[in-house]
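Take a look at the structure below.
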Amino acid sequence: MGARGNDAACGADALLGRWCGPAIALVDLDAFFASVEQLDHPEWRGKPVIVGGDPERRGVVSTASYEARRFGVRSAMPSSQARRLCPQAIWTRGRFDRYRELSARVMVILEDETPYVDRVSIDEAFIDITPGRFADEGPVEICRRIMARVAELGITCSIGLGCNKTVAKIASEQQKPRGLTVVPPGCERTFLAPLPVRAMSGIGGRAEAALARMRIRTLGELATAPPEALAAVFGSHAEEARLRASGRERSKVRTAASPREVKSVSNERTFPQDLTERSDIEAALALLAESVGARLRAQGLTAGCICVKLKYTFGEGRSAQRTLAHPTDDEHAMAPVLSELLDTIWSPGVTVRLAGVAASGFDHAAGVQADLFSDLDERGAETTELRDLSVAVDGIRARFGAGAVGYGRAARFDEDLIRRDKYPSNP
């Protein structure tokens, strides 16, 4: 465990339980997917394990155990590269039902400690353990107990503890695995200042390069940079970036019982072989829309906007979106829109390596008036005669599993793809 601060007394007070002000922690499950595989396969413990796609095709690494990371393997790396770096690794495709099961058990542990739990992914959650708000014990003591209880499940976690989400997130990355990094109140700026700007979430490669050209390489330099200079990189979020870099962000953690506001529901896939024919691209979009439609129905949402995203084999790719005349949760109603959007961003001869479908615009008013050319239900949502079939498929999958029934188009792609859960857009 580490405690970083302006002075020894500040750190000592926090460790002794005398915490003043907000206390927010980020609980991050260590190499989660790989750790679950090692838990369920004892013979894999202590060995490099990679959860990911086929190294012989265009697969990617989902998660690598720490034994594999020592060889340079990391998440999102092409599987072929990971195989070259660590040829002795044990490969597995992943069992997401099992990962969700363990994740749910961890969330129960967190909810036992505080009602303020903000799940941000299958393996991460923020918790508010501010003294006096709900918890009576010191935040450090609570974090230690959480780590012990998670370890009893056969997996481990790392925790960052600070006054806000930015500090907690960065702290959680400092001592992995099985690390507890505490940034006591008043010590945020000293902790953050020497760290590279990339340590702060939301700063990617392009922003890092742009800041470097301005001679801003650390969070301390970012915190003191002129707002007008940062506007060129962060736009209207320039002042927010400065506040976060200086540790002055104010964060709110929702209660576990309150649903997260869903802004979009999406699904995208990288294909093991480039798609060159329109029929294959349309089949891929239909498969992605099937997943999006099912998630919309499960959450009781209807979307007023549909977006198609393509990444080409050569070049960056493009996306296009359209506001619908009437909201829908029916992928069959989305199909003609997807086809029309495809016309605007793809032409014959262009090869596609990734496709995505996203639905958004959930703030529309209910009860839209029907017109003569649309089949609207009582919610004002556009439907087709095939929606009942989709609802039936939803029910079968909920009872017997995702692979219990499917459309023929799935056979073209599913064998070679990793299924991923994306939070928070697809809770």
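The values are calculated or read from the model by the stated rules, or taken from the named source; none is laboratory data. No experiment lies behind these values; they were computed from the predicted model shown. Note: ideal-geometry Cβ built from the backbone for every residue, glycine included; neighbour counts use all protein chains shown.
Structure data summary
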quantity	calculated
Hey, residue 253 closer than 30 Å to residue 224 by Cβ, crowded, with 18+ Cβ neighbours inside 10 Å and modelled with pLDDT under 90 or not	yes
Selection from region 164-208 of residues that are acidic (Asp, Glu), surrounded by fewer than 21 Cβ atoms within 10 Å (Cβ to Cβ) and in contact (Cβ under 8 Å) with a residue 24 or more places away in the chain	173
Options 105, 69; residue that is modelled with pLDDT under 95 and of a type in the set (Lys, Arg)	105
Residues of region 115-153 that turn out to be over 16 Å from residue 171 (Cα atoms) and in a helix (DSSP H, G or I), as a count	9
Of all residues making up region 182-238, the number that are β-branched (Val, Ile, Thr), part of a loop (DSSP other than H, G, I, E, B) and closer than 13 Å to residue 166 by Cα	2
Residue identified as touching a strand residue (DSSP E or B) at 6+ places or on another chain (Cβ under 9 Å) and in a helix (DSSP H, G or I) among 170, 159	170
The listed residue being touching a strand residue (DSSP E or B) at 6+ places or on another chain (Cβ under 9 Å) and free of Cβ contacts under 8 Å to residues at least 24 places away in the same chain, out of 316, 340, 268, 331	340
Selection from region 89-114 of residues that are among the charged types (D, E, K, R) and part of a helix (DSSP H, G or I)	97, 98, 100, 101, 105, 111, 112, 113
Identity of the residue in region 286-300, over 20 Å from the mean Cα position of the chain (by Cα) and touching a residue at least 40 places away in the same chain (Cβ under 8 Å), that ends up farthest from residue 340 (Cα to Cα)	297
Members of region 48-84 that are in a loop (DSSP other than H, G, I, E, B), among the aliphatic types (A, V, I, L, M) and under 18 Å from the mean Cα position of the chain (by Cα)	76, 77
Test result for residue 238, buried (at least 17 other Cβ atoms within 10 Å of the Cβ) and farther than 25 Å from residue 172 by Cβ	yes
Qualifying positions in region 263-285 - of a type in the set (S, T, N, Q) and under 20 Å from the mean Cα position of the chain (by Cα)	264, 266, 267, 270
Selection from region 33-54 of residues that are surrounded by fewer than 20 Cβ atoms within 10 Å (Cβ to Cβ) and within 17 Å of residue 353 (Cα to Cα)	54
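Okay, residues lined up against (1) touching a helix residue (DSSP H, G or I) at 6+ places or on another chain (Cβ under 8 Å); (2) within 15 Å of residue 331 (Cα to Cα); (3) at pLDDT 85 or above; (4) of a type outside the set (Val, Ile, Thr):
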residue: 208; (1), (2), (3), (4): yes, no, yes, yes
residue: 214; (1), (2), (3), (4): yes, no, yes, yes
residue: 231; (1), (2), (3), (4): yes, no, yes, yes
residue: 236; (1), (2), (3), (4): no, no, no, yes
residue: 241; (1), (2), (3), (4): yes, no, yes, yes
residue: 249; (1), (2), (3), (4): yes, no, yes, yes
residue: 275; (1), (2), (3), (4): yes, no, yes, yes
residue: 300; (1), (2), (3), (4): no, yes, no, yes
